[in-house]
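Worksheet: the structure to be examined is printed underneath.
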Amino acid sequence: MTTEGKCCKEFLYKGKKYLCSLELAMDVIGGKWKSLLIFHLRNGAMRSSALQHSLTGISNKMFTQSIRELEADGIVKREIFPVIPPKVEYSLTEKGKTLVPIMENLAKWGTSICDNKTKKKDICDSENT
C-alpha cells in the first residue's frame with residue numbers, strides 16, 4: 001500500500017529498520033571498498049595480503065573495517081590456517097556469490113560511461129581477470 005507515492009513497507013535487517021530495500025542493500029555493500037572487495041573475490045579465495053594489495057589506496061584500517069563488516073553480514077568468509085606464519089584467506093559465501101553478476105555489470109557500466117576509452121587493460125574488466 002502506498003501513500004502519496006511512498007512505500008509503507010519496512011525492511012528489517014539485524015534489528016535495523018529500512019524503508020527501502022535499496023537502502024538496506026547499499027548499507028551492506030555500499031561505500032568505495034566493499035564492492036571492490038566483493039569484485040576482487042569473485043574468482044575465488046585470496047590471501048589477506050594479496051587482497052589488500054589488489055585495492056590501490058586502501059589503508060590497513062579501512063581494509064580491516066570493510067572486510068570485517070562483509071564477514072559480519074555473511075558476504076565474505078574468513079579462513080585461518082594453523083601454520084607459521086599465520087595464513088588468512090577470504091572468499092565469498094554463497095550469499096556473496098549472488099552479488100558477482102551485479103558487480104560485473106557495474107564494472108561494465110563504468111566502462112561504458114568512461115570518457116577515455118583506451119586499449120589499456122582495465123583491472124576491473126571481468127573478461128580479462
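Take the residue pairs Lys16/Lys95; Lys17/Lys77; Lys9/Lys108; Lys9/Lys61 and return only those whose Cα atoms are more than 28 Å apart.
Result: Lys9/Lys108; Lys9/Lys61 exceed 28 Å.
Please turn the phi angles of region 56-66 into ³J(HN,Hα) values with the Karplus equation 6.51 cos²θ - 1.76 cosθ + 1.60 (θ = phi - 60°), one per residue in order, whole Hz, x for glycine and proline.
Computed from phi, the couplings for region 56-66 are 4, x, 7, 7, 4, 4, 5, 4, 4, 5, 5 Hz.
Apply the Kirkwood formula to region 19-110: the hydrodynamic radius equals the inverse of the mean of 1/r over all pairs of different alpha-carbon atoms; give it in Å with one decimal.
Over region 19-110, the inverse of the mean reciprocal pair distance is 13.6 Å.
Bear in mind these aren't lab numbers, they're just calculated from the coordinates by the rules spelled out. What you see is a predicted model, and the numbers here were worked out from it, not measured in a lab.
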